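A.B. asks: Let me begin by handing over the structure; questions about it come next.
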Amino acid sequence: MKTKHIFVYGSLRRDLPERLLPPGGAEAIHAMRRLARYRGKARLSGQLIHLGDYPGLVDSTNTEVIGDLYRSDDMPRLLAALDAYEESTSAQTRRRSDAEYFRTRRKVRTENGEEVYAWVYVCNRECAGAVPILSGDYLDWIESQTGTVA
């Protein structure tokens, strides 16, 4: 089954100002705008953690992460751009890699309750001691830390 959706939860969120992007983030955002269409907010099972300048996603079944869902008819080009930005590897090679993230398919739920499979980037490193983002929403967490997102 071809996956035509991607779920983003951190520095690629639609409403995150460019001034808060890590290096390379602007190019990744421009690739998203060119190659994908925003579908809306969505959720998936997992725990959001703060890794310093950006968040990460780790597996968890009792918490949810809030993010943005996009659809692309040119997923190979989009994934090539995002894989480079995320310094990721595939789920199949993650144990043999020192990549920061691995990309895998996960079930996400849209605001209207539709469930779709989407590509998502998951932490591929030891995250002990990372600060959990309890709300599951990186934009809310940024706002609580800085007083503003916009």
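The values are calculated or read from the model by the stated rules, or taken from the named source; none is laboratory data. Just so you know, these numbers come straight off a predicted model, no measurement behind them. Cβ atoms come from the backbone with ideal geometry, glycine included; neighbour counts cover every protein chain shown.
A.B. asks: Does the range 106-136 hold any residues that are in contact with a helix residue (DSSP H, G or I) (Cβ under 9 Å, 6 or more places away or on another chain) and not in a strand (DSSP E or B), and which are they?
C.D. replies: Asn124, Ile133, Leu134, Ser135
A.B. asks: Collect the residues in the range 57-73 that are within 15 Å of Tyr38 (Cβ to Cβ) and outside any strand (DSSP E or B), keeping them in residue-number order.
C.D. replies: We begin by selecting, within the range 57-73, every residue within 15 Å of Tyr38 (Cβ to Cβ); these are 66-73.
Listed by number, the residues that qualify are Ser72, Asp73.
A.B. asks: Being in a loop (DSSP other than H, G, I, E, B) and closer than 21 Å to Ser72 by Cα is the filter; apply it to the range 20-37 and report the residue that is modelled with the highest pLDDT. Can you show your working first?
C.D. replies: Going residue by residue through the range 20-37, those that are in a loop (DSSP other than H, G, I, E, B) are 21-24, 36.
Subsequent filtering for residues that are closer than 21 Å to Ser72 by Cα retains 24, 36.
Details: Gly24: 76, Ala36: 97.
In this case the residue turns out to be Ala36.
A.B. asks: Moving to a separate point now. Restricted to the range 46-74, and to residues that are out of contact with any strand residue (DSSP E or B) (no Cβ under 6 Å at 6 or more places or on another chain) and small (Gly, Ala, Ser), which residue is nearest to Tyr9 (Cα to Cα)? Lay out the reasoning, then the answer.
C.D. replies: Narrowing the range 46-74 to residues out of contact with any strand residue (DSSP E or B) (no Cβ under 6 Å at 6 or more places or on another chain): 51-54, 59, 62, 72-74.
From what is left, the residues that are small (Gly, Ala, Ser) are 52, 72.
Details: Gly52: 15, Ser72: 17 Å.
Looking at the filtered set, the residue picked out is Gly52.
A.B. asks: Specify which of the listed residues (Gly52, Gly40) is loosely packed, with under 14 Cβ neighbours inside 10 Å, over 13 Å from the mean Cα position of the chain (by Cα), assigned to a strand (DSSP E or B) and of a type outside the set (A, V, I, L, M, F, W, C).
C.D. replies: Working: Gly52 fails: assigned to a strand (DSSP E or B).
One residue alone meets the criteria, Gly40.
A.B. asks: Another question about this same structure. Within the range 5-19, how many residues turn out to be surrounded by 15 or more Cβ atoms within 10 Å (Cβ to Cβ) and in a helix (DSSP H, G or I)? First the steps, then the outcome.
C.D. replies: So the first thing to find is which residues in the range 5-19 are surrounded by 15 or more Cβ atoms within 10 Å (Cβ to Cβ), and the list is 5-14, 16.
Filter once more, keeping what is in a helix (DSSP H, G or I): none.
Final tally of qualifying residues: 0.
A.B. asks: Does the range 78-87 include one or more residues that are modelled with pLDDT under 90, under 20 Å from Thr3 (Cβ atoms), of a type in the set (Gly, Ala, Ser) and part of a strand (DSSP E or B)?
C.D. replies: no
A.B. asks: Select from the range 20-37 the residues that are in contact with a strand residue (DSSP E or B) (Cβ under 8 Å, 6 or more places away or on another chain) and surrounded by 14 or more Cβ atoms within 10 Å (Cβ to Cβ) and list them in ascending order.
C.D. replies: Here is the first cut: in the range 20-37, the residues in contact with a strand residue (DSSP E or B) (Cβ under 8 Å, 6 or more places away or on another chain) are 32, 36-37.
Result: Met32, Ala36.
A.B. asks: Within the range 113-133, can you find the residues that are free of Cβ contacts under 8 Å to residues at least 24 places away in the same chain and within 19 Å of Arg43 (Cα to Cα)?
C.D. replies: Residues of the range 113-133 free of Cβ contacts under 8 Å to residues at least 24 places away in the same chain: 113-115, 126, 128-129.
Hits for the range 113-133 are Gly113, Glu114, Glu115.
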